[in-house]
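S.K.: Below: one structure in C-alpha cells.
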Amino acid sequence: MWLLGLSWVLALLVTVASSGPSADPPDPASIFADLSPAELRAVRTFLMGRPELGLSPSQGGPLAKNSLFLVELLPPKKRSALRFLEHGGARPRREARAVVFFGAQAEANITELAVGPLPRPSSYRVLGFKGGRAVPFSARPMTRLEYELLYEALVAAVAPLEPLLREATGFGFQNCSERCLTFSDIAPRGLGPGERRTWLVIQRFVEGYFLHPAGLEVLLDHGDPDPRRWAVRQLWYNGRYFGSVRELAESHARGTLPLARLPEPPARHLFSSYEPRGRFASGTPTEVHGAKVCEPQGRRYRLRGNRLEYGGWSLAFRLRSSAGLQLFDVRFGGERVAYELSVQEAIAFYGGHSPAAMQTKYMDAGWAMGASSYELARGVDCPETATFLDAHHLLDADGPVRFPHALCVFELPTGVPLRRHFDSDFQGGFHFYAGLEGQALVLRTTSTVYNYDYIWDFLLYPNGVLETKVHATGYIHATFYTPEGRRYGSRVHSHLLGNIHTHLVHYKVDLDVAGSGNSFETMDIRFENISNPWSAGARVVQPGPGQGWDRDPLAPRLTPPLTCPRYHLAVTRRHENEPSSSSIYTQNDPWDPPVTFESFIRDNETIEDQDLVAWVTVGFLHVPHAEDIPNTATPGNAVGFFLRPFNFFNEDPSVASRAPVIVRPLDPPTCSRLEIRRWTPPSPGPCVHPEPFTYNGTYRQV
C-alpha cells in the first residue's frame, strides 16, 4: 500500500525521432512528451488553413476575431496508453489540444479542439467538457492584445488626473520617459458571470514596481468587444471612492482632496531592489562563493528524451503550458506506482480595505502558469551541475516560443543521512557505525505569475519515497497603505500594505499500486486505556490503530465552484472526462466555470477496488511582514506532500544503494583498529565547476 503523507514540477521538448531504417524506436515515454516546435507549427498551420474556422493572427487586429490561443499536447487516454505500455498494443494516436477564441460571431465562445494525427495533422474534433458545458467568450484568459488595448483605454480615461498624479507621485502616463506609471490587474473581473470589469492598481514603474502603488485604483469595464465602448466605472484614491474620473479630478482642483505624496525613489538602494545594502553583524564573508553541489564521478541519473531514471525510479514528464508539471508512468523497481502526478491549480485569496485587495482571488491556471516558465539561473535557481532543458510554448503567439533553461534536473545532497546508526558498547567504544548519505533527484521548474514566483519540485528518494514541494517567493501582492487597511495585513513600508492571503496548491495523484484497482483507507491512531495483562490492577495507556473513512474540510465553504481547496484530500473514481480539477477559464468566470470539482465527489461512486485519483491540497496562510521586502524568502514558505511505501517492499529498497559506509572495530573494546567498508571510491575527488556564470533571459518565437 502506498500512503499519502500530508506534511506540511516540466517537460523536455523533444523532436520526434526521424523515421528511417537507421532510426532507433522512440522511447515509450515519448507518448507523453510535449509537442515539439515542428508539431506546434504544424497544428497552427493546419488550423489557420481551415476556412470554416476563419482564424486570424493572434497579434494585432480587433478583439472580436477568431484566433488560436493555445496549443499543447492532448495526452492519450489511459486505457490506450496502458495497452501500449503494458501489453504491446498499438502506439496511441498523437494529438494536440487547441484552444480557439471565436469572437467574430454572434454567439462568441471558446472552443477546444483535438487535432491530429501528429506530426502531420489532417483532422480535428471538438473536445467537450463534462456535462456538455459551454465556455463563454467572457471567460477567456487575458491576451497581449487585450492588455495593450486596456493600457490605451486607461491612459486616455485618466488623462484628466495627470496633474494629480504628477503632484502626488512625480510620475505620470503622458510623455513620461523614465518616470512612467503602470498597472497591475486584479481578478476575478467582476461579481458575476459575463462580467469583465477589472480593478487596476496604478503603480510607479521602477524596479520592483509591485511594491510601489500610487494610491489610485481604477475599475475599468472592458466587457464589450469594441474597446471604444470601454469605460471607467469607479475609482478609489487614498481610502476614498469616486464615481468618475471627473469627480476625482475636480476634487483635486478644488484643493479638497487629501493627497498621498510619495517620496522620490532613490537612484540607488531602492527598497524593492536586490542591490546589497547594510552589513551582517558577524562580519563573516559574503563576497565569496558558498557551498556548491558537485558530481565528482559524474551523473547518477539518466535522461533520455522525456524519460528520467534514477536508482529504482523511472518516469515520464512534461510541462503543460496551461498548468505546469505533469509526471506519467511513475515506476519504482520496474513496477508502476502512479499513472499520473500533476499540478492542477495554485490559488491565492486576499483580504484588504481597498477594492483591488478585497477583490483579489487569483487562480493561476487562468494566467497560464505552465507557460510562465522563464529561464533558470545556473548556480542560483539550480546547481551548476544540473541538466537544463528548454521548453516551447504556443500560447497567445503566432508561433512556438522557446523558453531556454525552463527546467532543470539535478541530484541534491540533502545534508542529512537517509539512515544511520551508531551502535554503542556503552564502555567508550562501539560495535559498529553504519550510515547512508542522503540524496535525492530533483525535477524543477518555476512559474513567475506576475509578482509571485513559484518553484515547483518533484524529489525522488532512493528508499521509494516521492516528495512534491512548492516554494513561494517573488514580490508580495501589496496595496496602498491606509490606516483602515491595518486590519488586513502589515505596514511593510511607508506607503505599502502587505495584504493577508492564503496560498493553496492542488495536485492530482492517480495512484496505480500493483495495478489500477485500488482502495482508499485511512488509519486513525487513538490512545487506549486498557488493563495491564501482566500486573493485576494496573492500567496501560498506549496508542492503538483505528480505521475509518475521512474527508477533512480544509476551510469553510468558499465560492461553490472553487471546492477543490476545501479538502486536504479527496478521493474519486478516475474518469476520462475529469482530467483536471480546474481550468484556464475559472479565473475569469469562477461563478459558473466549465469544470466544477464538486461534481467529481458528489456522484457517490464506490471507491473500493477501483481506478482511483487522490486530489491533494496543500497550503499556508501568509501574513506579510517587513522581512518580505524586497521578496518573500523560501524558508518557511514551502508546502508539499509525500508518497511513501507502506508494507509495499520486504525491506527498505535503498539497501540496493552502493553508497553506505560501515565501520567496525577489529579490536573491541579498544577500537584502535577499524575496518571501514564502502563501495564507492575512497575520496570523492575535486568538486569544482569551472564555467563562469552566464544568463540570457530571453524567450523568442522560433
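The values are calculated or read from the model by the stated rules, or taken from the named source; none is laboratory data. Since we're looking at a predicted model, the values are computed, not measured. No Cβ is skipped: glycine too gets one built from the backbone with ideal geometry, and neighbour counts run over all protein chains shown. Surface accessibility is based on the protein's heavy atoms, side chains included, excluding ligands, DNA and RNA. Shrake-Rupley method; radii C 1.70, N 1.55, O 1.52, S 1.80 Å.
S.K.: So which residues in the stretch 211-267 are of a type in the set (Gly, Ala, Ser), within 24 Å of ALA187 (Cβ to Cβ) and open to solvent by 20 Å² or more (accessible area, probe 1.4 Å), if there are any at all? Lay out the reasoning, then the answer.
M.R.: Step one: list which residues in the stretch 211-267 are of a type in the set (Gly, Ala, Ser), which gives 214-215, 223, 231, 239, 243-244, 249, 251, 253, 255, 260, 267.
Still in the list and also within 24 Å of ALA187 (Cβ to Cβ): 214-215, 223, 231, 239, 243-244.
Within the stretch 211-267, GLY223, ALA231, GLY239, GLY243, SER244 meet the criteria.
S.K.: Any chance you could count how many residues in the stretch 467-496 are over 30 Å from LEU325 (Cβ atoms), assigned to a strand (DSSP E or B) and under 27 Å from the mean Cα position of the chain (by Cα)?
M.R.: 5
S.K.: If the requirement is being under 20 Å from the mean Cα position of the chain (by Cα) and not β-branched (Val, Ile, Thr), which of these qualifies: GLY255, GLY324, GLY333?
M.R.: GLY324
S.K.: Would it be correct to say that PHE458 is at pLDDT 95 or above, surrounded by 15 or more Cβ atoms within 10 Å (Cβ to Cβ) and out of contact with any Pro (no Cβ under 7 Å at 6 or more places or on another chain)?
M.R.: Values: at pLDDT 95 or above: yes; surrounded by 15 or more Cβ atoms within 10 Å (Cβ to Cβ): yes; out of contact with any Pro (no Cβ under 7 Å at 6 or more places or on another chain): yes.
For PHE458, the condition - at pLDDT 95 or above, surrounded by 15 or more Cβ atoms within 10 Å (Cβ to Cβ) and out of contact with any Pro (no Cβ under 7 Å at 6 or more places or on another chain) - is met.
S.K.: Every residue in the stretch 426-463 that is farther than 23 Å from TYR507 by Cβ and either assigned to a strand (DSSP E or B) or under 13 Å from the mean Cα position of the chain (by Cα) (or both), please.
M.R.: Correct list: PHE430, HIS431, PHE432, TYR433, ALA434, GLY435, LEU436, GLN439.
S.K.: Can you tell me which residues in the stretch 334-375 are under 30 Å from CYS687 (Cα atoms), surrounded by fewer than 23 Cβ atoms within 10 Å (Cβ to Cβ) and not charged (D, E, K, R)?
M.R.: Of the stretch 334-375, the ones under 30 Å from CYS687 (Cα atoms) are 373-375.
So of that shortlist, the ones also surrounded by fewer than 23 Cβ atoms within 10 Å (Cβ to Cβ) come out as 374-375.
Scanning the stretch 334-375 gives a single hit, TYR374.
S.K.: Yes or no: GLU521 under 30 Å from GLY208 (Cβ atoms), among the acidic types (Asp, Glu), surrounded by fewer than 20 Cβ atoms within 10 Å (Cβ to Cβ) and assigned by the TED database to the domain that holds LYS469?
M.R.: Numbers: under 30 Å from GLY208 (Cβ atoms): no; among the acidic types (Asp, Glu): yes; surrounded by fewer than 20 Cβ atoms within 10 Å (Cβ to Cβ): yes; assigned by the TED database to the domain that holds LYS469: yes.
When the stated conditions are applied, GLU521 does not pass them.
S.K.: Among the residues of the stretch 407-455, count how many are among the aromatic types (Phe, Trp, Tyr) and surrounded by 20 or more Cβ atoms within 10 Å (Cβ to Cβ).
M.R.: Qualifying residue count, the stretch 407-455: 3.
S.K.: So for the stretch 294-312 (the condition being modelled with pLDDT under 95, open to solvent by 70 Å² or more (accessible area, probe 1.4 Å) and either closer than 30 Å to ALA96 by Cβ or of a type in the set (Val, Ile, Thr) (or both)), does at least one residue qualify?
M.R.: No, the stretch 294-312 has no match at all.
S.K.: How many residues does the stretch 632-667 contain that are open to solvent by less than 40 Å² (accessible area, probe 1.4 Å), in a strand (DSSP E or B) and over 30 Å from PRO682 (Cβ atoms)?
M.R.: 7
S.K.: Whether any residue in the stretch 390-405 is farther than 20 Å from ARG41 by Cα and in the same structural domain as ILE455 (by the TED database) is what I want to check.
M.R.: Step one: filter the stretch 390-405 for residues farther than 20 Å from ARG41 by Cα, giving 405.
Those still in the list that are in the same structural domain as ILE455 (by the TED database) too: 405.
Yes, there is a match, as at least one residue in the stretch 390-405 is farther than 20 Å from ARG41 by Cα and in the same structural domain as ILE455 (by the TED database).
S.K.: Answer yes or no: is there a residue in the stretch 271-291 that is within 29 Å of LEU164 (Cβ to Cβ), under 36 Å from the mean Cα position of the chain (by Cα) and either open to solvent by 90 Å² or more (accessible area, probe 1.4 Å) or of a type in the set (S, T, N, Q) (or both).
M.R.: Step one: filter the stretch 271-291 for residues within 29 Å of LEU164 (Cβ to Cβ), giving 271-273.
Filter once more, so that each one left must be under 36 Å from the mean Cα position of the chain (by Cα): 271-273.
Now drop any that are not either open to solvent by 90 Å² or more (accessible area, probe 1.4 Å) or of a type in the set (S, T, N, Q) (or both), which leaves 272-273.
Yes: the stretch 271-291 contains one or more residues that are within 29 Å of LEU164 (Cβ to Cβ), under 36 Å from the mean Cα position of the chain (by Cα) and either open to solvent by 90 Å² or more (accessible area, probe 1.4 Å) or of a type in the set (S, T, N, Q) (or both).
S.K.: Additional query: Looking only at the stretch 544-572, filter to residues that are of a type outside the set (Gly, Ala, Ser) and modelled with pLDDT of 90 or more; which one of those is farthest from ALA614 (Cα to Cα)?
M.R.: In this case the residue turns out to be HIS568.
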